[in-house]
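Novice: Okay, here's the structure, questions in a sec.
The values are calculated or read from the model by the stated rules, or taken from the named source; none is laboratory data. The shown structure was predicted, so the numbers you read here are calculated from the model rather than taken from an experiment. Methodologically, a virtual Cβ is constructed for each residue, glycine included, from the backbone with ideal geometry; neighbour enumeration extends over all protein chains shown. For accessibility, only protein heavy atoms count, side chains too; no ligands or nucleic acids. Shrake-Rupley method; radii C 1.70, N 1.55, O 1.52, S 1.80 Å.
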Amino acid sequence: MNGQAFTVHAPGRVNLIGDHTDYAGGLALPCAIDLGISISGTHEQGRVELSSDALADTVTFDLDPAVNIALIEPQWGRYVAAVAVEVNAAQGFTASATSTLPTGAGLSSSAALEIAVALSFGFSGSPMELALLGQRAELRAVGVPCGLLDQLSIVFGRAENAMVIDFADNAIEYVAFPNDLDIVILHSGQERQLADSEYAERRASCELAAKQIGPLAQASLTDVATLEGDLQRRARHVATECERVRNAATALRNNDPITVGDLMTQSHASLRDDFNVSTSVLDELVERLNTLSGVYGARLTGAGFGGCVVALCERGAINEPAALTGRGWIVRPSDGARQRAI
Ligand code: ADP
Ligand code: MG
């Protein structure tokens with residue numbers, strides 16, 4: 001309704017383990033977090049005006065299904081315009097976004113923005129439709145052929161729970177996150193530009209490998225050994241990462257953080273050595289975290305190429321994460337995106 005006030009919120013997410021597995025039909029163990037993007041404003045027929053405290057310049061455009069998204073400036077407005085097209089929005093809004101999520105850091109600010117914007121347009125389909133819409137908008141906005149990890153975590157998050165997602169059929173199983181553990185996130189200081197990164201190349205390699213040996217999530221190391229060079233290493237990462245996710249989920253259910261932490265650190269090594277998406281700064285951070293008492297394990301989180309590392313810690317082991325790299329957070333597993341008319 002024109003003039004109707006609204007406020008929506010979409011959390012970011014942290015992936016505890018299972019990166020570069022979603023688009024390969026594999027497994028991941030993420031949770032939504034208590035950092036995110038909120039949008040408040042009023043509905044307005046036919047146009048969008050959105051400011052953001054995270055980035056300069058207001059996004060303004062008239063709603064038009066034939067809009068040329070590549071021409072929208074500032075660039076972050078392309079996510080907004082892509083969501084408008086996907087929602088087929090007739091009603092827009094004048095609103096402002098406030099964010100506690102770092103952008104371009106592997107905590108999924110782009111998907112949080114997509115989902116918050118879709119809710120701002122009054123999206124009213126099912127949660128699964130909302131997640132799929134966000135994924136399509138990401139491709140439309142910046143050409144990143146992302147998997148569904150970010151959008152599913154953000155839409156289906158549940159307070160105090162991590163979630164095991166099986167991307168073969170997008171089934172989600174919740175796992176209670178133990179009270180006596182902390183999730184610590186440290187920003188490496190390296191901002192990542194996913195659209196410019198080698199993400200699409202990695203995905204294409206996984207698809208090529210799967211053509212030769214079948215779905216990588218189920219591939220055995222014997223299957224993987226039949227591949228050559230880089231393809232073999234990429235496939236080995238996906239196959240072993242899915243196994244690590246299965247084992248980490250079991251260990252989390254059994255309240256065995258030592259095993260979860262070991263698997264996280266092994267995951268980092270696999271992302272570094274087989275998938276080649278780490279950086280020396282991320283490697284050093286993981287090593288440093290692993291020397292601290294009360295840290296069970298650490299790894300880069302998200303697509304890599306910079307961004308954040310995540311550590312599983314004994315409660316209170318790291319009291320001031322920001323003191324370590326300048327930017328850091330202790331986060332709790334949180335509820336998914338929500339919408340509220342006011
Ligand atoms: P990530 O999703 O890991 O944070 P991406 O590179 O996928 O990193 O997305 C970051 C981009 O998303 C930013 O460059 C910006 O275009 C957009 N974005 C994220 N958060 C905001 C925000 N609060 N306001 C405006 N744009 C945002
Ligand atoms: Mg993103």
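Novice: How big is the Rg/Rh ratio for the chain, C-alpha atoms only, Rh by Kirkwood, two decimals? Mind dumping the intermediate values first?
Specialist: Values: Rg = 19.6 Å, Rh = 20.1 Å.
Answer for the chain: 0.97.
Novice: Quick one: among Val310, Val14, Val281, which has the greatest mean-square fluctuation in a GNM of the chain with alpha-carbon springs under 10 angstrom?
Specialist: Val281
Novice: Also, I was wondering about something else. Pull out the extension gain between Asp273 and Glu129, defined as 0.36 nm times the separation in residues minus the alpha carbon to alpha carbon distance; nm, one decimal.
Specialist: That works out to 48.3 nm of additional length.
Novice: Quote the relative contact order of the range 5-174 in percent (integer), defining contacts as alpha-carbon pairs under 8 Å separated by 6+ residues. Working shown, then result.
Specialist: Details: 367 pairs, mean separation 51.5, N = 170.
The normalised contact order for the range 5-174 reaches 30 percent.
Novice: Going out from 0 in 5 Å bins, what whole percent of all Cα-Cα distances in the range 98-241 drops into each bin?
Specialist: Percent of Cα pairs in each bin: 2, 8, 14, 16, 18, 18, 13, 7, 2, 1.
Novice: Still on this structure, I have one more. Relative contact order for the chain: what percent, with Cα pairs under 8 Å and sequence separation of 6 or more?
Specialist: Numbers: 800 pairs, mean separation 87.8, N = 342.
Relative contact order here is 26 percent.
Novice: Build a GNM of the chain with springs between Cα atoms under 10 Å: which of Leu227, Leu101, Leu16 gets the top mean-square fluctuation?
Specialist: Highest fluctuation among the options: Leu227.
Novice: What percent do you get for the relative contact order of the range 1-62 when only Cα pairs under 8 Å and 6+ apart count? Don't jump to the answer; show the numbers that get you there.
Specialist: On the way: 90 pairs, mean separation 22.0, N = 62.
Relative contact order, the range 1-62: 36 percent.
Novice: Rolling a 1.4 Å sphere over the protein heavy atoms, what is the accessible area per residue of the range 193-309, to the nearest Å²? All intermediate terms of the calculation are to be shown ahead of the outcome.
Specialist: Details: 5080 Å² over 117 residues.
Counting only protein heavy atoms, the per-residue value for the range 193-309 is 43 Å².
Novice: Further question: By the gyration tensor of its Cα atoms, with a ≥ b ≥ c the square roots of the eigenvalues, what is the shape of the range 5-174: rounded for a/c under 1.5, prolate for a/b over b/c, or oblate? Numbers along the way, then the final one.
Specialist: Working: a/c = 1.82, a/b = 1.63, b/c = 1.12.
The shape class here is prolate.
Novice: Would you mind calculating the gained length between Asp62 and Val281 on full extension (0.36 nm times residue separation, minus the Cα-Cα distance), in nm to one decimal? Don't jump to the answer; show the numbers that get you there.
Specialist: Numbers: separation 219, 0.36 × 219 = 78.84 nm, distance 4.26 nm.
Gain on stretching Asp62 to Val281: 74.6 nm.
Novice: Ok, one more. According to the square roots a ≥ b ≥ c of the eigenvalues of the Cα gyration tensor, what is the shape class of the range 179-331, taking rounded for a/c under 1.5, prolate for a/b larger than b/c otherwise, and oblate for the remainder? Could the numbers behind the result be given before it?
Specialist: Working: a/c = 2.69, a/b = 1.50, b/c = 1.79.
Here the range 179-331 falls in the oblate category.
Novice: While we're here: With the chain treated as a Gaussian network of Cα nodes joined by springs under 10 Å, which of Gly261, Gly46, Gly307 yields the largest mean-square fluctuation?
Specialist: Most flexible of the set in this elastic network: Gly46.
Novice: Where both partners of a DSSP beta bridge lie in the chain, what percent of those bridges are antiparallel, to the nearest 5?
Specialist: Numbers: 53 of 58 bridges.
Among the beta bridges of the chain, antiparallel pairing accounts for roughly 90 percent.
Novice: Taking 35 Å as R0, compute the FRET efficiency from the Cβ-Cβ separation of Asp230 and Thr259 and round it to 0.05.
Specialist: 0.70
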